[in-house]
Amino acid sequence: MTLFHRIFPHPLLSVVLAVVWVLLVNTLTLNAVVFGAILGLVVPWLTRAYWPDAPRLRNPLMIAEYLLVVLWDIVVANVQVAVIILFKSDAARRPCWITVPLELRTPEAITVLAGTITMTPGTVSSDLSADGHAILVHCLHAPDPDAVRDQIKSRYERRLMEIFE
Amino acid sequence: MITYALIFAFACYGLALLLNLYRVMTGPELSDRILALDTMVINAIALLILYGILRSTAVYFEASMLFAMVGFISTVAYCRYLLRGGIIE
Amino acid sequence: MALWAEITISLLLVIAGFFGFVGSFGLIRLKDAMSRLHAPTKATTLGVGSVLIASMLYFVTAQGQISAHELMISLFLFLTAPIVAHFIAKVHVHLHERPKSLPEPSVGTDWASFAAKTPARGVRRATPDTPAD
């Protein structure tokens, strides 16, 4: 283990902490930057026992594409959910539970996938199977549950596979 | 023009808060009450920021940020209490 | 203030009010508990997100000051909304669902809520609306 890694166990976390501190203070002054740097140094060092190992990002450039896709889907999700709430009667709505089998194995990737499912059209991730190989999703209105599952797998899980594994 | 849009948004969020209060009171499930409380917090944040625009001052941002953090922590605490019987194990 | 800024801010405020109201209206209108979870968590994040963008635009165009606080609030809300939704869904599964009322994950396993090794001390089955298995 090099000296750099001993001082900065998680370099990305340190940078994020410093930037968040400067944004919270809301002024770009020297003492804000210095205190942010101190936080970025101390907090990862104090909490290093709780971060067992950092996930390896295989393809960091894909993150930007993934974020854009998810942001677009959030806007679409809101409009679709609003239309369903306002104009669809409860008798015509088909809520259902679906099981999405997972090929992802990295815990961080599964966390991101669960968050994405919750933020996008009419689906909420509710539970994980005991062995972590399937995720339970509730759909607000799904006439065709298999199509929803295939869309989750092809649209999000495939991109996450490229980023994380 | 902004004033009218602000009044419209105030009315919407005020009504939304009343609807949430109804859901908090009637339930029927515990998860509904927690969800309604969490939605109340988010609507209150929106109202605070709208009030900041109306008065054109930035002093309400700290308040709304604290509101967001405390609301999140309290929702998680309620859920953990129902799930595990304790908040910190 | 320029006219385009005024129009954009007003439009964002109207959109925000609409989505905020629809989210809370869905909380009242939908019949089953899991569906009610969909309405506020989605509609409110866009509602508050629009309010925050409108506020940011307003302070930039009216007073010429760029503030990062709105950005931090919306980032925080977008990060915590899925966690809150997941927790509330877990509470619902814990209290009101049995393994038989859900689809199976795969052969030989069960959902994590039912397969916990240490028995949870939490509130169990407040309202007995599903038959015990």
Requested in this report: Looking for whichever is facing another protein chain (nearest Cβ under 7 Å), more than 17 Å from the chain's Cα centre (by Cα) and either at pLDDT 85 or above or closer than 25 Å to B:GLY86 by Cβ (or both) here; the options are C:ALA115, C:ALA89. Which one fits?
Outcome: C:ALA115
Query - Residues (over 8 Å from the mean Cα position of the chain (by Cα) and assigned to a helix (DSSP H, G or I)) located in the stretch B:23-37 - result: B:ARG23, B:VAL24, B:MET25, B:THR26, B:LEU30, B:SER31, B:ASP32, B:ARG33, B:ILE34, B:LEU35, B:ALA36
**Report entry** Unique residue being more than 7 Å from chain B (Cβ to nearest Cβ), assigned to a helix (DSSP H, G or I), under 23 Å from A:LEU23 (Cα atoms) and more than 13 Å from the chain's Cα centre (by Cα) when the list is C:SER50, C:SER55
**Finding:** C:SER50
Requested in this report: Return yes or no: is C:ILE83 within 21 Å of B:LEU30 (Cβ to Cβ), surrounded by fewer than 19 Cβ atoms within 10 Å (Cβ to Cβ), β-branched (Val, Ile, Thr) and more than 7 Å from chain B (Cβ to nearest Cβ)?
Outcome: yes
Report summary line: The condition of being within 11 Å of chain B (Cβ to nearest Cβ) and touching a residue at least 60 places away in the same chain (Cβ under 8 Å) holds, among C:THR41, C:THR45, C:THR61, only for C:THR61
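Residue-by-condition table, conditions (1) surrounded by fewer than 20 Cβ atoms within 10 Å (Cβ to Cβ); (2) farther than 14 Å from C:LEU12 by Cα; (3) among the hydrophobic types (A, V, I, L, M, F, W, C):
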position	(1), (2), (3)
C:ARG29	yes, yes, no
C:ASP32	yes, yes, no
C:THR41	no, yes, no
C:GLY47	no, no, no
C:ILE53	yes, no, yes
C:GLN63	yes, yes, no
C:GLU70	no, yes, no
C:ILE73	no, yes, yes
C:LEU77	no, yes, yes
Query raised in the report: Only one residue in B:GLY14, B:GLY86 is assigned to a helix (DSSP H, G or I) and either within 11 Å of the chain's Cα centre (by Cα) or more than 18 Å from C:SER67 (Cα to Cα) (or both). Which one?
Result: B:GLY14
Query raised in the report: Pick from B:MET65, B:MET40, B:MET69: which is under 17 Å from the mean Cα position of the chain (by Cα), aliphatic (A, V, I, L, M) and at pLDDT below 90?
Result: B:MET65
Query raised in the report: Scanning for something at the interface with chain B (Cβ under 9 Å from one of its Cβ atoms), touching a residue at least 60 places away in the same chain (Cβ under 8 Å) and in a helix (DSSP H, G or I), does the stretch C:16-34 turn up at least one residue?
Result: yes
**Report entry** Hits in the stretch B:55-69 - residues which are touching a residue at least 24 places away in the same chain (Cβ under 8 Å) and more than 7 Å from chain C (Cβ to nearest Cβ)
**Finding:** B:PHE67
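The values are calculated or read from the model by the stated rules, or taken from the named source; none is laboratory data. Everything numeric in this text was worked out from a predicted model, so none of it was measured. Glycine gets a Cβ as well: all are built from the backbone with ideal geometry, and neighbour counts include every protein chain shown.
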